[in-house]
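One structure is given here, and the rest of the page talks about it.
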Amino acid sequence: MIGKGSLEVSLSDAEVRDILAGALAELPVDGKRVLVLIPDHTRHAPIPLFFRILGELLQPRVRALDYLVATGTHAPMEPERIYRHVGISAQEHRTLYPKVHFFNHEHLNPDALATIGTLESGEVGRLTNGLFSQDIPITINRMAVEYDQILIVSPVVPHEAMGFAGGNKYFFPGIAGLDLVQTFHWLAAVITNPVVNGVKDTPTRRVIDRAAEFLQTPRVCFAFAVDRRHELACLFAGEPRESWSRAADYSARLHIAYLDRPYGRILGLTPPIYEEIWVAGKAMYKLEPVVAEGGELVIHGGHIREISFVHGREIERIGYHVRDYFLEQWDRFAHEPKLIMAHSTNVKGIGTFSGGVERPRVTVTLATSIPRATCDRINLAYRDLASIDIDEWRQDPDTLVVEEAGQVLYRLGPAPAVT
């Protein structure tokens, strides 16, 4: 593995190129087909820089240099949006990158998937500390087994289901079938977001790392963390688990903030890349630990008009509820998609359900372009965007206003000592 990082100075384009060149120099890819996994537009990452450098280094060598957007269960990206995402025009694609094709992952298309093995129940039980014990078929996008080499362009940040995103997460759920995705998201939800988020060794991470061992295609992961300016603070290239681990150590320093007290009201100003509650819910995932008991977390963003582009119907049917609402009524919900229930309880937060009464620890409010009637239907509170004076809220000593909410994980207590 090669790479470098700094908490003070971002990496230059030349340093990035040197790391990529060093990692690719000895790869036996001449005349071969290379598949690059990239995140979609909901992640802060300098994808145009990686695209340009990989093109310069690999197009003269390879037979094909194709890109698969690891959408997981997100909506596919339209061609023009992909071009903007990688920093080129359609004309530049035709003239400068003739060996490149772009694809979206299709998690619901069985013809796009291949089964590469099964995680047996006994091993699942061991990996999850006994929380789950069932056979899990391992399905993955067929392209992952059809190419000669896989490269992963992997931003690393704290994550509600994985502990930290990145690395082998670009296989599962990035380009996976639904069974494994459903299982580990619900597993993380049962453990609860405040326990999982920002932790490197989690049952879910162990599950996806083990599942990745079933894939035989060689792979190299370019794992990185960005600073508050969205510039590269570190970049490590190598085996996915090792490079991810090094980048996660930087992410823990860059993307986790520590406060000495909770706040009764938090206004999370979501970034434009969060266009639906399916991803804007990260504001709750990252801020839940610092909302006071009985407090309110406001997810703010006039650009948010949808609950979910892909899963909206299922979410509106189930609504948003605390974990125990589902667990205490399992006969009623056992048939529902576990992925949807995981999202539901992560957004609603921790709480209790007893005697038919649901008691969330905090109130989650939407101040978006989603109407009040929809908020009522999905069991979230509503605030009119026009009623919120952000500058006025900043002056309230018991209100915390957070820019780009969902990017940084907040916790209570002193920051850990640097080792």
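The values are calculated or read from the model by the stated rules, or taken from the named source; none is laboratory data. Remember, predicted model here, so these are calculated numbers, not experimental data. Using ideal geometry, Cβ is built from the backbone for each residue, glycine included, and neighbour counts are taken over all protein chains shown.
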Any residue in segment 190-208 that is more than 27 Å from Val290 (Cα to Cα), of a type in the set (A, V, I, L, M) and over 18 Å from the mean Cα position of the chain (by Cα)?
no
Go through the residues of segment 206-229 one by one and say whether even a single one is part of a loop (DSSP other than H, G, I, E, B) and either within 17 Å of Thr71 (Cβ to Cβ) or touching a Lys or Arg at 6+ places or on another chain (Cβ under 6 Å) (or both).
no
Whether any residue in segment 152-160 is in the same structural domain as Asn109 (by TED's automatic domain parsing) and more than 11 Å from the chain's Cα centre (by Cα) is what I want to check.
yes
Any residue at all in segment 396-417 that's loosely packed, with under 11 Cβ neighbours inside 10 Å, hydroxyl-bearing (Ser, Thr, Tyr) and at pLDDT 95 or above?
no
Residue by residue through segment 91-105, note down the ones that are in a loop (DSSP other than H, G, I, E, B) and crowded, with 16+ Cβ neighbours inside 10 Å.
Tyr97, Lys99, Val100, His105
Residue pairs within 7 Å by beta carbon, gap of at least six or interchain, first lying in segment 121-149 and in contact (Cβ under 8 Å) with a residue 12 or more places away in the chain and under 19 Å from Gly72 (Cβ atoms), second of a type in the set (Val, Ile, Thr) and part of a loop (DSSP other than H, G, I, E, B), listed first then second, are Ile140/Ile175; Asn141/Ile175; Ala144/Ile175; Ala144/Thr217; Val145/Thr217
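Yes or no, residue by residue, for (1) surrounded by 20 or more Cβ atoms within 10 Å (Cβ to Cβ); (2) of a type in the set (Ser, Thr, Tyr); (3) in contact with a strand residue (DSSP E or B) (Cβ under 8 Å, 6 or more places away or on another chain); (4) not assigned by TED's automatic domain parsing to the domain that holds Lys169:
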{"position": "Asp30", "(1), (2), (3), (4)": "no, no, no, no"}
{"position": "Ile47", "(1), (2), (3), (4)": "yes, no, yes, no"}
{"position": "Phe50", "(1), (2), (3), (4)": "yes, no, yes, no"}
{"position": "Leu58", "(1), (2), (3), (4)": "yes, no, yes, no"}
{"position": "Arg61", "(1), (2), (3), (4)": "no, no, no, no"}
{"position": "Ala64", "(1), (2), (3), (4)": "no, no, yes, no"}
{"position": "Glu80", "(1), (2), (3), (4)": "no, no, no, no"}
{"position": "Tyr83", "(1), (2), (3), (4)": "no, yes, no, no"}
{"position": "Ser89", "(1), (2), (3), (4)": "no, yes, no, no"}
Taking Glu296, is it touching a residue at least 60 places away in the same chain (Cβ under 8 Å), part of a strand (DSSP E or B) and either surrounded by fewer than 22 Cβ atoms within 10 Å (Cβ to Cβ) or not aliphatic (A, V, I, L, M) (or both)?
yes
For segment 339-359, state whether one or more residues are more than 30 Å from Asp179 (Cβ to Cβ) and either touching a residue at least 60 places away in the same chain (Cβ under 8 Å) or in a loop (DSSP other than H, G, I, E, B) (or both).
yes
Within the bounds of segment 312-325, is there any residue that is under 18 Å from the mean Cα position of the chain (by Cα), of a type outside the set (A, V, I, L, M, F, W, C) and surrounded by 20 or more Cβ atoms within 10 Å (Cβ to Cβ)?
no
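Count, please, the residues in segment 57-83 that happen to be without any contact (Cβ under 8 Å) to a residue 24 or more places away in the chain and of a type outside the set (Ser, Thr, Tyr).
Initially, segment 57-83 is screened for residues without any contact (Cβ under 8 Å) to a residue 24 or more places away in the chain, giving 60, 78-80, 82-83.
Subset that is of a type outside the set (Ser, Thr, Tyr): 60, 78-80, 82.
Within segment 57-83, residues that are without any contact (Cβ under 8 Å) to a residue 24 or more places away in the chain and of a type outside the set (Ser, Thr, Tyr) number 5.
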Gln149 closer than 28 Å to Gly3 by Cβ and among the polar types (S, T, N, Q)
yes
Is it true that Thr95 is at pLDDT below 95 and either within 30 Å of Cys234 (Cβ to Cβ) or not acidic (Asp, Glu) (or both)?
no
The lone exception for Ile266 - which of (1) in a strand (DSSP E or B); (2) among the β-branched types (Val, Ile, Thr); (3) under 17 Å from Ile150 (Cα atoms) it fails:
(3)
When residues of segment 203-249 are filtered for being surrounded by fewer than 23 Cβ atoms within 10 Å (Cβ to Cβ), of a type in the set (Ser, Thr, Tyr) and either in contact with a Pro (Cβ under 7 Å, 6 or more places away or on another chain) or closer than 25 Å to Val408 by Cβ (or both), how many remain?
1
Name the residue, out of Leu232, Leu259, Leu254, that is of a type in the set (A, V, I, L, M) and in contact with a Ser or Thr (Cβ under 6 Å, 6 or more places away or on another chain).
Leu232
Of the criteria (1) out of contact with any His (no Cβ under 7 Å at 6 or more places or on another chain); (2) touching a residue at least 60 places away in the same chain (Cβ under 8 Å), which one Leu96 fails
(2)
